[in-house]
1. For the list (1) out of contact with any strand residue (DSSP E or B) (no Cβ under 9 Å at 6 or more places or on another chain); (2) part of a strand (DSSP E or B), I need the number of the one condition that Arg103 fails.
2. State which residue is least open to solvent (accessible area, probe 1.4 Å) when the search covers only the range 275-300 and only residues that are in a helix (DSSP H, G or I), under 19 Å from Pro243 (Cα atoms) and of a type in the set (Ser, Thr, Tyr).
3. Quick check on my filter: what residues within the range 113-167 are assigned to a helix (DSSP H, G or I), open to solvent by less than 20 Å² (accessible area, probe 1.4 Å) and out of contact with any helix residue (DSSP H, G or I) (no Cβ under 7 Å at 6 or more places or on another chain)?
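The values are calculated or read from the model by the stated rules, or taken from the named source; none is laboratory data. Please read these numbers as outputs of a predicted model, since none were measured by experiment. Every residue, glycine among them, receives a Cβ derived from its backbone with ideal geometry; neighbour counts consider all protein chains shown. Note: areas computed on protein heavy atoms with side chains; ligands, DNA, RNA excluded. Shrake-Rupley method; radii C 1.70, N 1.55, O 1.52, S 1.80 Å.
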Amino acid sequence: MSGIASPYKPRRGRRRAKTGSDAQWRSRRTDAAPLAPALASPPQCSSSSPPPSRLLTVHLLTLSLVEEYVANLPAFCAHYYERQSNHSVLLVAPTAQAPALARRLAGPSCQPPTQHAQILAWKPQACGSRFLLQAVDIAAPRRYAQLQASCNGRNWSQEYALYSGSFFVSQLLWLPSLGDSDWYVKVDTDVVFQRPMPFDLSIELARDPKTVVAHTGLQPSNSCERGVLQALRRFRSRGAVRPPPPMSPWCESAESLPAVFYGNFVAYRTTFMRSKPVLELSRYLYRHEGHGYFRYRWGDQASPPAFMCHALRESAPSGARTGLGGTETLFPEYTRHLDALRGLVFKHERSSAMKKQLKLATPKPTPTPKREGVS
C-alpha cells in the first residue's frame, strides 16, 4: 500500500457533470500554514527527461485542482500507479503555475520548471512511479478571447473550455515528451480508485495491435459536439496536393457524431494520436475551427472520433453507419471497452467539500429576449 496520507476524509458525492466555471480554475486555498509536499523525495530531482516509459498517465493540474489530486493520491498510488510496470506520471501545468505546483508536490529542494516545455522529474519513495511535472504555455488563440462556450443547456468559461477540453486534443498532442510512450492515459483528477486495477494496463493493451483507443464507456453525443464532422469535411476539402482517402460512409454523411468516448479515463495509442494525419487535423481544428472548442464546447470528447474518421478505415460495418443505433460498435476494430474498470474499480466524483471549494455551480445561459411585433 502507498505511504501517502490523504488530507481529506473520504466522502461520497454525486457524480460530477463535465461542467465548470471561472471559479473552478482559480486557486481557492486560503490556509495560512504551508502544506507539506505531497510527493516529497530525497534530492534526486532532475530537469532532464527520464528514459521513456511504455505507459504514461497524464493529468492536467492547476492551482485549484492540486488539492483534489492530493486528496486522491493515496488511491491513485495504491490501486493504479503501483500496479503498472514501466509507467510514469506526467503532470502538465500552466507555466505560470508550475513553480507553485512543484513546491506543493515535490518540495522546495527541487528546481521547478519555469519555462515552456521544461520538466521536473523525480521518483518519490511513497509512490512507485516516476513523476514528471512539465510546464506548458496553455492559452487560447486571441481571436477567441471573448467567446463563452455554451451547450447542452449550460455555459462554460473560456478557461474551462481550454483546460478541460481543447488542451487534451491539441497542445498535449504537440508535446514531444508524449511521443516517448507506447500508450498514454488521460485521467481526470477527480477519478477515485476504490479497488486495485485488475491488470497491468500496458500489457493488456498490447494484446491487440489494432487497438488505438481503450475507454470505459460510450455516451450519446449532444450539442457539445455539434459541427465537428462538418469541420472535419472542410479540412479534407481544402485542396490538398494528395486528396485524402475516402472516409467511412457515416463519417461522410452523418450530421452529428453517434457517440463519444467518456473522457474521465481514456487510453490512446501514442503513435496514432501523434501520427501525421491526426496532428494535421488537430492543428487545423484548433487554429481554424476554434469556435468549436470555445463557443460550442467540444471539449476532449468530440475530436477523437473525428481523428478516427480521418485516419482509419473500417473493414466491417459500424453500428454508427446504420441509423446511429449501435453506438457500442463504433469503430469496433480499433477500440476496446475496459469493462473491468468503469464502476468497479473507480468512480468519477467529487466530495461535497471539494465541490464547495471549487464552486462548480454553472450559470444557466441567459435566455434570448423575445422581440415584439415580429410574427
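1. (2)
2. Only one residue tops the list, namely Ser282.
3. Once the filter is applied, which keeps residues that are assigned to a helix (DSSP H, G or I), open to solvent by less than 20 Å² (accessible area, probe 1.4 Å) and out of contact with any helix residue (DSSP H, G or I) (no Cβ under 7 Å at 6 or more places or on another chain), the range 113-167 yields Leu162, Phe167.
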